[in-house]
Each structure stands twice: as C-alpha cells, then as structure tokens.
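The values are calculated or read from the model by the stated rules, or taken from the named source; none is laboratory data. Model, not experiment: these values are computed from the prediction. Because the Cβ atoms are built from the backbone with ideal geometry, glycine has one as well, and the counts that use them run over all protein chains shown. Just the protein is used for accessible areas: all its heavy atoms, side chains included, with ligands, DNA and RNA removed. Shrake-Rupley method; radii C 1.70, N 1.55, O 1.52, S 1.80 Å.
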Amino acid sequence: MASHIGKLPITIPAGVEVKVDGTVVTAKGPKGTDSYTLPEGITLKIDGSEITVEAADDQRPTRARHGLSRSILASIVKGVHEGFSKRLMIVGTGYRAAAKGKGIEFSLGYSHTITVNPPEGIEFELPNPNEVIVKGTDKQAVGQVAANIRKLRAPEPYKGKGIKYDDERIIRKAGKAGK
C-alpha cells in the first residue's frame, strides 16, 4: 500500500523546467530556482509535463517520506511558477509599519521601533501602514518569516490588538466590565 498523496502526479506548468541530478531535483521558473534532495528509497520519473514520485518499498517510513517528498516537490514547482505570499494585518491605535530600505520598521507600542530585514529569497510589500505582505518562492521560509513577524506583537484576546494573519480569527474575551 503506497501513500495516497505520493501517488498523485505533479503537473509541470509552462515556463518551469525540472531537472534531476542523482538525488537532487532542481526546478527553475519565472520566480526563481529551488532544489530538493530526495530521501533514501524515493525515486522520480518525469514524463513530459508530469512528475511521478515513487517509493522503493512499502514499509511505513518510506510511505511517509513518499507523501512528504511529493508535497515538497509540488510546493517547489508552484513556488518557482507563482510564488507564495502571506498577508499580515496590524491592528491597534498607533501600531504601524514603514519601509526602511529592503526591511520594515514596526511601531508596536513599545518604547522602541523594531526593524525586520528579509532573509534571502524573501521580499516585503507594504500596501498601507497596517498591512504587510511577505512574498517568496519557498513556502516554508515565507511561513516562518510571517510567523516571526507575528510573534513581535501577537494579537491579544481583549481588544484584538497586535499583528495577525489576514484570515486569522481572534476569539475575543470579555474584560472585567463584561462580567
């Protein structure tokens, strides 16, 4: 019994080039280049515009790596073709972000400002002072940078102030007066 996710083929979109060199898979597209090293027991077949990930045996650890490898490769192909982004909203009176070079300077109610510089492969976009968009080709890196920014001032449950993901719902609590 192979992994259900691992059996699904990955479609290579137009403009994306995938190469296999031993156990290293490299994808090159309009947004950049990314690579992944296949774990032991996992092989890859490229048929025209489809990638098929195969497991060498049917043991449980290999099945788990089979599905994981397929998901990572699908993310790499999507990342070099379309890219990934996370939108963060800044909620609170006086809380805002401003561009400072390639980085962002946050005013979050502390006695000082906090400057965040993007790691390689990540870029920031500020449509307005209360909105930050983290963009990049690596899904994991985009998510991690967004989580690090959110951690600077996580949303609190009483007034909802802080940095939250665009689609995040903050469960509000009643304060002392609400009891």
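Listed values, structure above:
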{"item": "Heavy atoms of Thr43 accessible to a 1.4 Å probe, total area in Å² rounded to 10", "result": "70 Å²"}
{"item": "Square roots of five times the Cα gyration tensor eigenvalues for segment 10-82, Å", "result": "22, 11, 11"}
{"item": "Degrees, to the nearest 10: 60-81 long Cα axis against longest axis of the chain", "result": "70 degrees"}
{"item": "Lysine-lysine proximity count for segment 1-113, Cα under 14 Å, sequence distance 8 or more or distinct chains", "result": "5"}
{"item": "Acute angle (nearest 10 degrees) that the helix 139-152 long axis makes with the longest principal axis of the chain, alpha-carbon atoms", "result": "20 degrees"}
{"item": "Reachable lysines from Lys176, criterion Cα separation under 21 angstrom, eight or more residues apart if same chain", "result": "Lys159, Lys161"}
{"item": "Of Pro155, Pro127, Pro118, the one that fluctuates the most in a GNM where the chain has Cα springs shorter than 10 Å", "result": "Pro127"}
{"item": "Summed residue charge, Cβ within 11 Å of Ser107's Cβ, Lys/Arg positive, Asp/Glu negative", "result": "+1"}
{"item": "Charged-residue dipole, Cβ positions (Lys, Arg, Asp, Glu), segment 10-82 about Cα centre, Debye nearest 20", "result": "200 debye"}
{"item": "Whole-angstrom gap from segment 134-179 to segment 59-96, using each part's C-alpha centre", "result": "18 Å"}
{"item": "Neighbour-limited loop hits for GluC sites (Glu not before Pro), segment 85-179 (at most 16 other Cβ within 10 Å; DSSP other than H, G, I, E, B)", "result": "Glu120, Glu168"}
{"item": "Volume per residue that the Cα convex hull of the chain spans, once the total is divided by residue count, Å³", "result": "160 Å³"}
